[in-house]
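What follows is a short report on a single structure.
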């Protein structure tokens, strides 16, 4: 990315509390509640991701921030000012759409200039700002081309430049990388993150791609059925999910249901019907429930032909390898336990050849420590 002219960074007044505050916002479409009394604070300069399955309300929430939908209840405060009554073009917010929404008959230059022309800026300032945007997204020399003469990645950059040209305080991105292939998407993620850090803007991205949210965001809000299930950093969200639903939605996880047989200080013994006893580290907010779910991420499970060498590995489960999935950097082993449960383990492929790999039908021991377990309510 090109060096950023300091004048591109908007003046953001220091305000008490968050830059953006969403207060018990509700949006209904007929009898369907798309967003349900949702509250959320987002800080200035934060890269925030709204993550969730299709139909969870994340795009509806983004459209309310942009002004394309009006909340039925609640307030949306930007810098302490309620922007809900404002029209989209009156808000210091801009949105980059999933399909980019470029004008096919306009050149790259005119697409970028479209919004600022409507704002009535002098021609000289418009041309200067377009030149800055072209340099910012590395499209110099392509300003005369039309969208059908550009690659998917270049069209994405034009849409980003157009959204930034108005110098918004908050940039909204609706599935911005969905149309790109995997390799280009990864490269664009890095560039988008670098751009956001250099500009110091607040970015809010909507995505259903967990890896994309984890890569880009400072914090992630996981939505389900119009509500926020959890708001946390990527690491906290993955390692300490607030519920079984979040644990199963974010990443891959093994879930074992059982009864708490004993509680000894910070160690619990959970009896799982089809796996045997599992020793777990008690959660910080201990539950009095007699029944719990134990979650173990596949990468926390180690496999061995003879059993663990680690004395701290209090959990040993015997079984056979049912299937193997080779993913390049790692292999995923599905293991059928002797007691009937199924367990998935993900092991890094540290050797170039499969000399240390486990074969289908081979007997193995799966082992993990109590600290590797996540205790969840049913």
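The values are calculated or read from the model by the stated rules, or taken from the named source; none is laboratory data. All figures in this text were calculated on a predicted structure; none of them were measured in a lab. In this analysis, Cβ positions are derived from the backbone assuming ideal geometry, glycine residues included, and neighbour counts consider all displayed protein chains.
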For this session: State which residue is nearest to residue 367 (Cα to Cα) when the search covers only region 271-286 and only residues that are surrounded by 15 or more Cβ atoms within 10 Å (Cβ to Cβ) and at pLDDT below 85.
Result: 282
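Yes/no matrix, rows are residues, columns are (1) at pLDDT below 90; (2) farther than 20 Å from residue 94 by Cα; (3) more than 19 Å from the chain's Cα centre (by Cα):
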| position | (1), (2), (3) |
| --- | --- |
| 134 | yes, no, yes |
| 139 | yes, yes, yes |
| 151 | yes, yes, yes |
| 172 | no, no, no |
| 184 | yes, yes, no |
| 197 | yes, no, no |
| 203 | no, no, no |
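Only one residue in 336, 323, 346 is in contact with a helix residue (DSSP H, G or I) (Cβ under 9 Å, 6 or more places away or on another chain) and either buried (at least 19 other Cβ atoms within 10 Å of the Cβ) or assigned to a strand (DSSP E or B) (or both). Which one? Talk me through it step by step, then tell me what you get.
Working: 336 fails: in contact with a helix residue (DSSP H, G or I) (Cβ under 9 Å, 6 or more places away or on another chain); 323 fails: in contact with a helix residue (DSSP H, G or I) (Cβ under 9 Å, 6 or more places away or on another chain).
Among 336, 323, 346, only 346 is in contact with a helix residue (DSSP H, G or I) (Cβ under 9 Å, 6 or more places away or on another chain) and either buried (at least 19 other Cβ atoms within 10 Å of the Cβ) or assigned to a strand (DSSP E or B) (or both).
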Problem set entry | Matching residues, region 6-28, being modelled with pLDDT of 95 or more and more than 24 Å from the chain's Cα centre (by Cα) | 28
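Looking for something within 26 Å of residue 61 (Cβ to Cβ), surrounded by fewer than 19 Cβ atoms within 10 Å (Cβ to Cβ) and modelled with pLDDT under 90 - is there at least one such residue anywhere in region 121-131? Explain how you work it out, then say what you get.
Residues of region 121-131 that are within 26 Å of residue 61 (Cβ to Cβ), as a first pass: none.
Scanning region 121-131, I find no residue that is within 26 Å of residue 61 (Cβ to Cβ), surrounded by fewer than 19 Cβ atoms within 10 Å (Cβ to Cβ) and modelled with pLDDT under 90, so the answer is no.
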Exercise. How many residues does region 153-163 contain that are within 22 Å of the chain's Cα centre (by Cα) and at pLDDT 85 or above?
Worked result: 4
Seminar exercise, completed: Here the qualifying pairs (Cβ atoms under 8 Å; residues six or more apart or on different chains; first in region 354-378 and on the phi > 0 side of the Ramachandran plot; second modelled with pLDDT of 95 or more and part of a strand (DSSP E or B)) come out as 361/320; 361/321
Exercise. Within the group 50, 38, which residue is assigned to a strand (DSSP E or B), within 27 Å of residue 133 (Cβ to Cβ) and at pLDDT 95 or above?
Worked result: 50
Exercise. What is the number of the single condition among (1) farther than 21 Å from residue 65 by Cα; (2) crowded, with 19+ Cβ neighbours inside 10 Å; (3) in contact with a helix residue (DSSP H, G or I) (Cβ under 6 Å, 6 or more places away or on another chain) that residue 220 does not meet?
Worked result: (1)
For this session: Determine if region 95-106 includes at least one residue that is over 30 Å from residue 147 (Cα atoms), assigned to a loop (DSSP other than H, G, I, E, B) and at pLDDT 90 or above.
Result: no
